[in-house]
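Enquirer: Input: one structure, supplied below.
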Amino acid sequence: MAEVLVLVGHIAGQAGKPSLELLTLARRLGTPVAVCAGAAGDETVETLGRYGAERVHVIESKEIEEYPVGWVRVLAGLAAETTPAAVLTESTPEGREIAGRLAVRLGGGVLTDAVDVQAGPSGPVVTQWAFAAGFVVTSRVVRGIPIIAVKPNAVAPSPAPVTPAVSRSTLEPDEAERRTRVVSRTVRESTGRPGLTEAEVVVAGGRGLAGAEQFALIERLADALGGAVGASRAAVDAGWYPHAHQVGQTGATVSPQLYLAVGISGAIQHRAGMQTSKTIVAVNKDGEAPIFELADYGVVGDLFQVVPQLLDEIAGRRA
């Protein structure tokens, strides 16, 4: 089978859940080859092998974090050696930039914001959401190597253990690559909660909370359920909660087992970021709110009465 190149974590070879999702999708198309940076140790290689990477290619470079455009040359070089069936990256701002530049370099086609990838008779068939998930589009690249940027939570990671071969190469960014530089990074303060895009439970608050201080109620519920905290764009724009927690078309895409929308009306932009959640529960005092069209279960009522009762019920069942 042809190889499928998978760019694993764009910083220091991190093997987070989105990377394992890419490896799961890559197995549908061919033989996965994980490409990561020099900080990838034995534990990272073992994790990648557990999810089907038959080869792990490690780039030994002290500057790849500072000049991430160098990934384009790395992937182009590997593609020239193996002619892969596809190249997969995460559909993050950095991942999409790399995908676009790589497509130009290879003369191939690029598809971004993929939510599903399947093998087809003429190459990978990609499902995308368009216009805030109002339409589902099926696409494929008709010329050259397909470069596909996949949204987080497109698929549940599934193990397929192998013992990967490990290959290595070095990278010294050239003059062109040094024109694009990451000048600073800020480590996000840990809350002790799971990451928003990786959480099995997400509790999200919206305009109905009526103020930043009321998000303490959302945090209490998230902690009671072992989940992450999300927010609607309205809440973020009002300055009630950090943008990093925004769920929606211009925020994070989540697909947890349980999504609780508290005080969120359910505008189409928000729904685009959470509508693939396995079970959706909505709490809103407006019985006509659009979120109820999507919810599996809904409570029409005052969230300031409903959520405390829910917290009491959870505590009672755990006593």
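The values are calculated or read from the model by the stated rules, or taken from the named source; none is laboratory data. None of these values were measured; they are calculated from a predicted model. Positions of Cβ are backbone-derived with ideal geometry, glycine not excepted, and every protein chain shown enters the neighbour counts.
Enquirer: Those residues that are part of a strand (DSSP E or B) and either surrounded by fewer than 18 Cβ atoms within 10 Å (Cβ to Cβ) or modelled with pLDDT of 95 or more (or both), I need them from region 119-145; list them, please.
Expert: VAL125, VAL126, THR127, ALA130, PHE135, VAL136, VAL137, THR138, SER139
Enquirer: Among VAL202, VAL142, VAL182, VAL155, which is the only one that is closer than 23 Å to VAL104 by Cα and touching a strand residue (DSSP E or B) at 6+ places or on another chain (Cβ under 8 Å)?
Expert: VAL142
Enquirer: Just give me the residues in region 79-106 being at pLDDT 95 or above and part of a loop (DSSP other than H, G, I, E, B), in sequence order.
Expert: Hits for region 79-106 are PRO84, ALA85.
Enquirer: Kindly establish whether VAL115 is in contact with a Lys or Arg (Cβ under 8 Å, 6 or more places away or on another chain) and either part of a helix (DSSP H, G or I) or in contact (Cβ under 8 Å) with a residue 40 or more places away in the chain (or both).
Expert: Yes; evaluated as a whole, the condition is true for this residue.
Enquirer: Specify which of the listed residues (GLY208, GLY230) is touching a residue at least 24 places away in the same chain (Cβ under 8 Å), touching a His at 6+ places or on another chain (Cβ under 8 Å) and crowded, with 22+ Cβ neighbours inside 10 Å.
Expert: GLY230
Enquirer: If you check VAL306, VAL236, VAL283, which single one turns out to be modelled with pLDDT of 95 or more, closer than 29 Å to ALA130 by Cα and assigned to a helix (DSSP H, G or I)?
Expert: Exactly one residue qualifies, and that residue is VAL236.
Enquirer: Mind counting the residues in region 147-167 that are touching a Ser or Thr at 6+ places or on another chain (Cβ under 9 Å) and not in a loop (DSSP other than H, G, I, E, B)?
Expert: 4
Enquirer: Yes or no: ARG101 surrounded by fewer than 18 Cβ atoms within 10 Å (Cβ to Cβ) and under 28 Å from VAL183 (Cα atoms)?
Expert: No; evaluated as a whole, the condition is false for this residue.
Enquirer: Take the residues of region 176-226 that are within 26 Å of GLY301 (Cα to Cα) and touching a Pro at 6+ places or on another chain (Cβ under 7 Å): which is modelled with the lowest pLDDT?
Expert: Checked region 176-226; the qualifying residue modelled with the lowest pLDDT is GLU200.
Enquirer: Is there a residue being assigned by TED's automatic domain parsing to the domain that holds GLU46, among the aliphatic types (A, V, I, L, M), in a loop (DSSP other than H, G, I, E, B) and surrounded by 14 or more Cβ atoms within 10 Å (Cβ to Cβ) anywhere in region 168-181?
Expert: The answer is yes; a qualifying residue exists.
Enquirer: Against the definition (surrounded by 18 or more Cβ atoms within 10 Å (Cβ to Cβ) and closer than 20 Å to VAL110 by Cβ), how does VAL87 come out, yes or no?
Expert: In short, yes.
Enquirer: List the pairs whose first member sits in region 264-277 and is outside the structural domain of ALA156 (by TED's automatic domain parsing), whose second member is assigned to a loop (DSSP other than H, G, I, E, B) and β-branched (Val, Ile, Thr), and whose Cβ atoms are under 6 Å apart, counting only residues at least 6 apart or on separate chains?
Expert: From region 264-277, the pairs are GLY273/THR253; MET274/VAL254.
Enquirer: Determine whether VAL117 is closer than 17 Å to ALA2 by Cβ and among the β-branched types (Val, Ile, Thr).
Expert: Against the criterion (closer than 17 Å to ALA2 by Cβ and among the β-branched types (Val, Ile, Thr)), VAL117 qualifies.
Enquirer: On to the next question. Could you grab me the full set of residues in region 248-263 that are β-branched (Val, Ile, Thr) and either free of Cβ contacts under 8 Å to residues at least 40 places away in the same chain or in a strand (DSSP E or B) (or both)?
Expert: Scanning region 248-263 gives THR250, VAL262.
Enquirer: Does ILE64 satisfy being closer than 22 Å to VAL166 by Cβ, in contact (Cβ under 8 Å) with a residue 60 or more places away in the chain, among the hydrophobic types (A, V, I, L, M, F, W, C) and outside any strand (DSSP E or B)?
Expert: Spelling it out, ILE64 is indeed closer than 22 Å to VAL166 by Cβ, in contact (Cβ under 8 Å) with a residue 60 or more places away in the chain, among the hydrophobic types (A, V, I, L, M, F, W, C) and outside any strand (DSSP E or B).
Enquirer: Can you pull out the residues in region 1-26 that are modelled with pLDDT of 85 or more, crowded, with 21+ Cβ neighbours inside 10 Å and in a loop (DSSP other than H, G, I, E, B)?
Expert: VAL8
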